[in-house]
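Following: one structure in structure tokens, then a few remarks.
Computed from the coordinates by the stated procedures, all read-outs in this text should not be read as laboratory data. For clarity, every value in this text was computed on a predicted model and none was experimentally measured. In this analysis, Cβ positions are derived from the backbone assuming ideal geometry, glycine residues included, and neighbour counts consider all displayed protein chains.
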DNA sequence: GCCGTTTTCGGCCCGACTGTTTTCAGTCG
């Protein structure tokens with residue numbers, strides 16, 4: 001069972017307990033534990049099996065540890081069974097609706113026996129919901145729209161989609177009256193692979209009403225959810241929600257921290273602040289005088305220590321500025337306090353791209369066009385990785401065609417100077433773990449990239465054996481898009497990632513972080529684990545056109561989220577050093 | 001339910017907005 005599976009079960013338990021009206025601090029404790037599990041780079045199942053004490057993990061105590069062990073051993077949690085005997089498990093889907101929280105879900109169940117979204121719809125039509133205390137005409141309308149959205153858009157937006165969807169809006173908001181600066185906050189600033197909604201901050205002195213009014217008048221807004229003096233909220237036609245907050249200069253930094261999140265990061269910042277007699281909110285960092293009641297002082301009461309910039313906010317809290325990509329409560333706060341944050345890899349560090357396709361298989365551009373595009377990006381090298389013959393539908397390379405391609409590569413090398421073009425193939429890992437190319441070709445390739453494209457429904461054991469066998473071939477350099485996931489479209493196939501990484505360390509095989517925003521495979525947590533185990537990570541675009549090469553930045557962002565530094569990333573090496581790495585087995 | 005530079009018990013982040021309210025509960029981020 002994967003960490004995310006365990007997290008999901010515990011999340012259901014937390015949601016149900018919350019609906020039951022359990023102690024809110026207990027609920028928070030569960031959610032903190034869930035965050036730990038989701039962020040953990042090692043499989044918790046393996047830790048449990050090795051007899052490690054799970055309560056050593058932050059936010060995991062005796063209770064949750066016992067739940068986890070029980071879940072791993074028996075496949076279910078007794079406590080969850082008890083709860084579902086009292087309230088139906090399907091109530092968790094009601095809580096996912098915008099405007100319906102645990103209290104309202106409980107009320108709907110108690111009063112109207114509503115257990116599912118479908119049953120809620122029936123009651124909405126019957127007019128019974130409107131009659132309930134605490135509900136009214138407006139909340140019924142809001143719930144109706146939420147159900148519509150829920151049906152239309154259950155998932156989150158991918159990062160590149162969100163970027164594109166707000167392009168026009170950004171240009172529009174910049175022209176808002178009184179606005180001096182616009183910043184993107186939220187998960188988009190943290191560069192998460194998927195985005196729930198977009199948070200924008202506008203720096204603006206005085207009354208924010210004109211700015212908000214301008215914002216909600218955007219022609220691309222399908223719906224206006226709210227508009228006040230400091231906040232406006234719209235939904236674009238795509239279903240993407242965008243919030244705008246108007247913030248004065250003196251508070252812009254603290255608001256940026258606050259709205260960038262993550263929520264978990266903010267909670268840790270504030271908890272630490274309280275201990276130092278400080279209060280942190282979106283308006284600044286304040287020292288609360290001895291014996292004073294912060295409530296009575298108001299939101300900007302006490303002595304103002306910081307607020308205008310993020311740097312001064314973190315500094316007032318006694319720590320280094322934390323890059324947004326790290327703000328997930330995965331140890332970054334402690335690292336910032338002790339001044340040992342990583343020096344994260346940057347786009348400029350990248351010296352080459354080690355996966356791309358040409359018209360020899362399913363690419364849209366010639367080898368020469370791809371090579372020239374790479375020189376424009378300032379790269380020192382590239383690997384041309386057209387598919388192998390198992391990918392017949394895209395005219396994958398047979399051994400014969402591979403040799404022919406090498407002739408063309410030789411010609412292009414003559415015409416395009418200043419960049420090394422490595423002969424490579426993205427070789428299919430066949431059903432049984434053998435490679436889709438004979439050894440004599442493998443030996444003549446400069447870079448051997450392997451990946452799974454077929455029989456993705458194999459069970460975990462079979463798939464893991466298959467990948468391990470392929471990696472063990474002595475010619476292999478890089479395992480590409482290791483889990484095969486397509487974000488929002490296809491789950492990862494079953495694979496023991498930990499076993500693959502341990503083997504990669506031993507075999508000196510690199511793993512890919514595929515920079516295509518549809519894949520971003522490995523994930524942030526996986527590449528973090530690779531780093532821990534000393535497995536080199538390659539960030540490749542898998543480009544099928546010159547434009548596709550631009551996706552490198554998404555991969556770098558994901559690598560940064562996984563705490564990678566330039567030395568952890570193989571394609572930050574100079575051509576000379578990368579060549580040396582390719583010869584690693586020969587010494 | 002978790003945790004400890006004040007604590008093994010008693011705390012646990014903070015504010016805005018909305019809608020249904022007549023002083024506030026619920027939801028959200």
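Overview of results
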item: Gyration tensor verdict on segment A:347-586 (Cα atoms; rounded if a/c is under 1.5, prolate if a/b is larger than b/c, oblate otherwise); result: rounded
item: Least to most buried among A:475, A:254 (fewest other Cβ within 10 Å first); result: A:475, A:254
item: DSSP-defined beta bridges in chain A - what % are antiparallel, rounded to 5; result: 45 percent
item: Degrees, to the nearest 10: A:137-152 long Cα axis against longest axis of chain A; result: 10 degrees
item: Beta bridges per DSSP with both ends in segment A:347-586, % antiparallel, nearest 5; result: 10 percent
item: Gain in span if fully extended, residue A:415 to residue A:181, counting 0.36 nm per residue against the direct Cα distance; result: 79.6 nm
item: Acute angle (nearest 10 degrees) that the helix A:24-39 long axis makes with the longest principal axis of chain A, alpha-carbon atoms; result: 10 degrees
item: With 20 Å bins from 0: P(r) over chain A, alpha-carbon pairs, percent; result: 18, 47, 31, 4, 0
item: Likely footprinting exposure, A:364, A:175, fewest C-beta neighbours within 10 Å first; result: A:175, A:364
item: Pairwise centroid distance, computed over Cα atoms, of segment A:469-492 with segment A:111-145, Å; result: 47 Å
item: Per-peptide average of other Cβ atoms within 10 Å, ordering A:234-242, A:485-493, A:518-526 highest first; result: A:518-526, A:234-242, A:485-493
item: Rounded tilt (10° steps) of A:102-112 against the dominant C-alpha axis of chain A; result: 70 degrees
item: Segment residue A:194-residue A:407, extension gain: residue separation times 0.36 nm, minus the distance between their alpha carbons; result: 72.5 nm
item: Per-selection Kirkwood Rh - segment A:201-326 (Cα, Å, 1 d.p.); result: 15.7 Å
item: Segment A:50-188 shape via C-alpha gyration tensor axes, a/c threshold 1.5; result: oblate
item: Beta bridge orientation in segment A:157-247: antiparallel %, DSSP, nearest 5; result: 70 percent
item: Helical mean residue ellipticity (222 nm; -39500 (n - 2.57) per DSSP H run of 4+; nearest 500) of chain A; result: -12500 deg cm²/dmol
item: Segment A:262-337 - convex hull of alpha carbons, volume per residue in Å³; result: 81 Å³
item: Shape parameters for segment A:157-247, alpha-carbon atoms, Rg then Dmax in Å; result: 12.0, 36
item: Inter-part distance where segment A:359-402 and segment A:558-574 are each reduced to a Cα centre, Å; result: 24 Å
item: Relative contact order for segment A:1-120, counting Cα pairs under 8 Å that sit 6 or more residues apart, in percent; result: 29 percent
item: Extension reserve of the residue A:125-residue A:292 stretch, reckoned as 0.36 nm per residue once the Cα distance is removed; result: 54.9 nm
item: Amide N proximity, segment A:490-529 versus residue A:585 label position 7 Å along Cα-to-Cβ, cut-off under 17 Å; result: A:503-512
item: For segment A:295-316 versus segment A:31-88, the gap between their alpha-carbon centres in whole angstrom; result: 38 Å
